[in-house]
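The values are calculated or read from the model by the stated rules, or taken from the named source; none is laboratory data. Quantities reported herein were computed from a predicted structural model and do not represent experimental measurements. Here the Cβ positions follow ideal geometry from the backbone for every residue, glycine too, while neighbour counts run over all protein chains shown. Please note that ligands, DNA and RNA were not included when accessible areas were found on the heavy atoms of the full protein model with its side chains. Shrake-Rupley method; radii C 1.70, N 1.55, O 1.52, S 1.80 Å.
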Amino acid sequence: MADLESLTGQVRECAERIAESGPAALSGLFDLTAHRLLRYSVTITRNQHDAEDAVQAALVRVADSPQLLGRADQPWPYLLRMVRNESLVVIRKRKRWSPLQSLADLITQRGVDEVELEETYREVWSALRSLPTQQSEVVVLKIWEGMTFAQIGEVLEVSPSTAASRYRYAIEKLAPKLMPLAEINNPSPASLKDVEVRHEG
Amino acid sequence: MRDDHEIADDSTSMPLPGGLAIERLIQSAGNYVTASADLRPRVIEVARERASDRRMCWRIFSVMAAAVMCVVIGTAVSQRFDQMSDFSSVMDEPILHGPDDTTRYLDRRDWALADAIVRWRHELASKFSDPLRDQQHNGVARD
């Protein structure tokens, strides 16, 4: 929550700098938010190139009219909503079809010590893409952006209870695919105890 | 700290087995996707181009608005000046000759007035016959 408030304040400051200095100050807002906006947009568009177009369109609109962001009550959720709207526009204009669960479009990064985790990450992203967009949006905003269901409801323009329901259904759908991975990567104390017993046995 | 089997929020609480582990797994993959290398320069370049285009459009609009204002004001001033010029020249130009000589008049309105006066004089003359003139005319005719 504190992190979200801090980010909201920083976004407002960036908008004010853009209003004072012009497009040259847009780099600050980009460095602060582009990664988060991109991963959220990819969830909606299911294609990284389209997601980058949507993020670009939203940030350029902010550069054109920085007062949109500066005067908003919650600049960061407002910016997320802008990206969401641009992503939906891109989807409507898109004519090509792409397999929803293919990850070939993603541009990825991983640390040197995360080579063994790459397959896990790809499974996570593939599982997220298997969800309906309405559910994957909520998952992304809840887990990666740390928003409450009330804040998610403001971004998606739904009630908090609707957001919570979508999140629950999403987790239920993800559980069969991700629980085995979750157990491997983060074994629960119960499963560890079972392993110890087997070794001792 | 949340219970390991709950997906909790400040407004709802939904016990779901393994929910926290799934959340942690998804959280770990949050930085897997990254922006392409040219996204940053592309965004800033497009923003700069649009700002430049807006400034150019504003300059063109300002010049055109100033030109239109100049034309409107100039036309109004010119028409006013012409009206004042016509009036003053009418007032200043005298009628240079008397009624026995050729009289100069300045415009169509004056010619129309002169024609009207001549016609009226002829009509009066025809209405009021002159005996002396008639005698002279008849004598000349017998002779």
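So which residues in segment A:34-52 are away from chain B (no Cβ under 11 Å) and in a helix (DSSP H, G or I), if there are any at all?
Within segment A:34-52, A:ILE44, A:THR45, A:ASP50 meet the criteria.
Go through (1) within 12 Å of another protein chain (Cβ to nearest Cβ); (2) modelled with pLDDT under 90 for A:ILE18 and report which single condition fails.
(2)
Collect the residues in segment A:53-78 that are within 16 Å of A:GLY28 (Cβ to Cβ) and not in a helix (DSSP H, G or I), keeping them in residue-number order.
A:PRO66
Go through segment B:14-27 and give me each residue that's open to solvent by 40 Å² or more (accessible area, probe 1.4 Å) and within 7 Å of chain A (Cβ to nearest Cβ).
Those that are open to solvent by 40 Å² or more (accessible area, probe 1.4 Å) and within 7 Å of chain A (Cβ to nearest Cβ): B:ARG24, B:GLN27.
Which number in (1) open to solvent by 20 Å² or more (accessible area, probe 1.4 Å); (2) assigned to a helix (DSSP H, G or I); (3) more than 8 Å from every other protein chain (Cβ to nearest Cβ) marks the one condition that A:GLU137 misses?
For A:GLU137, the failing item is (1).
Tally up the residues in segment A:48-79 that are more than 18 Å from the chain's Cα centre (by Cα) and open to solvent by 30 Å² or more (accessible area, probe 1.4 Å), please.
7
Check whether at least one residue in segment A:109-121 is at negative phi and in contact (Cβ under 8 Å) with a residue 60 or more places away in the chain, and report yes or no.
Yes, segment A:109-121 contains a residue that is at negative phi and in contact (Cβ under 8 Å) with a residue 60 or more places away in the chain.
Within segment A:11-31, which residues are more than 19 Å from B:ARG48 (Cβ to Cβ) and either open to solvent by less than 50 Å² (accessible area, probe 1.4 Å) or touching a Phe, Trp or Tyr at 6+ places or on another chain (Cβ under 8 Å) (or both)?
A:VAL11, the sole residue that qualifies.
For segment A:156-169, check the following and say yes or no: at least one residue is open to solvent by less than 30 Å² (accessible area, probe 1.4 Å), farther than 20 Å from A:ASP73 by Cα, modelled with pLDDT of 95 or more and not small (Gly, Ala, Ser).
yes
Quick grid of which residues meet (1) at the interface with another protein chain (Cβ under 7 Å from one of its Cβ atoms); (2) on the phi > 0 side of the Ramachandran plot; (3) surrounded by fewer than 11 Cβ atoms within 10 Å (Cβ to Cβ):
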residue	(1), (2), (3)
B:ALA29	yes, no, no
B:VAL33	yes, no, no
B:SER36	yes, no, no
B:LEU39	yes, no, no
B:VAL46	yes, no, no
B:GLU49	no, no, no
B:ILE60	no, no, yes
B:MET64	no, no, yes
B:ALA67	no, no, yes
